[in-house]
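Participant: Input: one structure, supplied below.
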Amino acid sequence: MEQTDLLAVRAIEQLKYRYLRALDSKDWDLLRSTFTADATANYGDRLEFSNPDDLVAFMRENLGPDMVTLHQVHHPEIDVAGDSATGRWSLQDRIVMTGYRLLLDGASLYEDRYSRGADGEWRIAHTGYVRLYEHTVAMDDLPSFALTHNHFAE
Amino acid sequence: MEQTDLLAVRAIEQLKYRYLRALDSKDWDLLRSTFTADATANYGDRLEFSNPDDLVAFMRENLGPDMVTLHQVHHPEIDVAGDSATGRWSLQDRIVMTGYRLLLDGASLYEDRYSRGADGEWRIAHTGYVRLYEHTVAMDDLPSFALTHNHFAE
Amino acid sequence: MEQTDLLAVRAIEQLKYRYLRALDSKDWDLLRSTFTADATANYGDRLEFSNPDDLVAFMRENLGPDMVTLHQVHHPEIDVAGDSATGRWSLQDRIVMTGYRLLLDGASLYEDRYSRGADGEWRIAHTGYVRLYEHTVAMDDLPSFALTHNHFAE
């Protein structure tokens, strides 16, 4: 990597963090702004999207206030080549499903592509991951389970 | 961001990591050293501090060896303007309460302010977060629960 | 830190992420490539290694497809001095033991040493950690527990 790539890498990391902050704070317009116009996504067989509008519409519909999500990425391995870049990340996610009374935990290895537009901004051109594991537990198995705080219930 | 900001951003990240390492290893003097003299903190309605000495005293008193804590932050979005800076982070925390026999899990979005002193060192001027969720489970709901290692019990 | 150190720090971070990606994706040759020829490791009293071949052989033997692991590190505090460097990290790990039907969660503070070879590549010269906590729960305590995805069972 060259010294000059460090700023591009940093900008791409900020982009990814904004995408996840938008997702977990349910800021769907902000989420949409992190994608190129023709971005694609593949979160496994059940969740493929051929354009960003469908992706955001799906999230908006399925991640309402009864789905409290946490998506955190780690271990950025980012390679920049001109106005394109690739990125690997390690994801850990948790969903507290207050309606279904389920706790979901999972982990994935992300492989993304990024593109820098004419305006100089990096955006997600493709996002996808290999799911390592995912498991669920019913809150009813844990009689003492207490959701002592829920931002989205306020 | 300018190339020259990268060093300031890195220094601020190191500061935040030191603050969390101090917290989780119960090194209260190190924790105190990460704050400016007039720093403030707001961890939600129940936990507000108007100066760093009160904050550290509270942690020292409430986070003894029977409260094994893990606070990990991710997704730094840091903006530097001269000798001031702001930072967003995604927090995940877990507390293993060996006395109360409770497991606590939570997540928050941090919004901090940092200040660079006359000595060139960055310190935390304000730290605060919006709590996304927090939940607790009693160990007694998990008859097999085994704390196979506890550093602070040694 | 100097501006010129940023590239070395970044390279060391990439090394650590590759080491963990190799571990969690069970890519043992890639794991071996992250160590110097005489690297040592100390993961607590039970797990010490005096050379990288023993370490990789141990992982290969003990982390088969019935041990789904997630190791994520955070909070890099890296200091570079010429062709040597030290690094602190905060680790969180989870193991889903499908054979033993156990869930293991733990956290540690890593202290590593890195070395830059004649080929310009950074490698791990020593890795070790202080374990903060570790706990296990039997899946049988959670009758609803469902492993809804397992990459290594495919």
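Participant: Can you find even one residue in segment B:140-152 that is of a type outside the set (Val, Ile, Thr), away from every other protein chain (no Cβ under 11 Å) and closer than 24 Å to residue C:76 by Cα?
Facilitator: No, that holds for no residue.
Participant: Filter segment A:1-45 for residues that are touching a Leu at 6+ places or on another chain (Cβ under 8 Å) and of a type in the set (Ser, Thr, Tyr) and give the result.
Facilitator: A:19, A:25, A:34
Participant: Same structure again: If a residue has to be over 30 Å from residue A:121 (Cα atoms) and free of Cβ contacts under 8 Å to residues at least 24 places away in the same chain to count, how many in segment B:1-32 make the cut?
Facilitator: Of the residues in that region, 7 qualify.
Participant: Moving to a separate point now. Taking the conditions exactly as written (open to solvent by less than 10 Å² (accessible area, probe 1.4 Å) and within 11 Å of chain C (Cβ to nearest Cβ)), does residue A:92 satisfy them or not?
Facilitator: no
Participant: When you go through (1) within 11 Å of chain B (Cβ to nearest Cβ); (2) open to solvent by less than 40 Å² (accessible area, probe 1.4 Å); (3) farther than 22 Å from residue B:74 by Cα one by one for residue C:101, which number turns out not to apply?
Facilitator: It fails just one condition, (2).
Participant: Of all residues in segment B:1-54 being of a type in the set (Val, Ile, Thr) and touching a Phe, Trp or Tyr at 6+ places or on another chain (Cβ under 7 Å), which is farthest from the other protein chains (Cβ to nearest Cβ)?
Facilitator: B:40
Participant: Also: Which of the numbered conditions does residue B:99 fail, given that it passes all the others? Conditions: (1) closer than 22 Å to residue C:132 by Cβ; (2) assigned to a strand (DSSP E or B).
Facilitator: Status for residue B:99: all satisfied but (2).
Participant: In segment A:1-54, what count of residues is obtained for those that are open to solvent by 30 Å² or more (accessible area, probe 1.4 Å), assigned to a loop (DSSP other than H, G, I, E, B) and not basic (Lys, Arg)?
Facilitator: Summing the residues that are open to solvent by 30 Å² or more (accessible area, probe 1.4 Å), assigned to a loop (DSSP other than H, G, I, E, B) and not basic (Lys, Arg) in segment A:1-54 gives 10.
Participant: Still on this structure, I have one more. Out of the residues in segment B:55-72 that are assigned to a strand (DSSP E or B) and either more than 7 Å from every other protein chain (Cβ to nearest Cβ) or free of Cβ contacts under 8 Å to residues at least 24 places away in the same chain (or both), which is farthest from the chain's Cα centre (by Cα)?
Facilitator: Top of the filtered list is B:67.
Participant: Cβ-Cβ under 7 Å, sequence separation 6+ or interchain: first residue in segment A:73-98 and at positive phi, partner open to solvent by less than 10 Å² (accessible area, probe 1.4 Å) and aromatic (Phe, Trp, Tyr). Which pairs?
Facilitator: Between residues of segment A:73-98 that are at positive phi and residues that are open to solvent by less than 10 Å² (accessible area, probe 1.4 Å) and aromatic (Phe, Trp, Tyr), the close pairs are A:75/A:89.
Participant: Could you please find all residues in segment A:112-134 being open to solvent by 30 Å² or more (accessible area, probe 1.4 Å), away from chain C (no Cβ under 11 Å) and over 14 Å from residue A:11 (Cα atoms)?
Facilitator: A:118, A:126
Participant: Right, another one. Looking at segment B:39-51 only, could you name the residues that are of a type outside the set (S, T, N, Q) and in contact (Cβ under 8 Å) with a residue 60 or more places away in the chain?
Facilitator: Within segment B:39-51, B:39, B:41, B:43, B:44 meet the criteria.
Participant: Filter segment A:135-154 down to residues that are open to solvent by 50 Å² or more (accessible area, probe 1.4 Å) and in a helix (DSSP H, G or I), then give me how many there are.
Facilitator: Going through segment A:135-154 one residue at a time, the tally reaches 3.
The values are calculated or read from the model by the stated rules, or taken from the named source; none is laboratory data. Bear in mind the structure is a predicted one, so any value in this text is a computation, not a measurement. Quick reminder, even Gly has a Cβ in these numbers, built from the backbone with ideal geometry, and neighbours come from all protein chains shown. Ligands, DNA and RNA are excluded from the accessible area calculation, which covers all protein heavy atoms including side chains. Shrake-Rupley method; radii C 1.70, N 1.55, O 1.52, S 1.80 Å.
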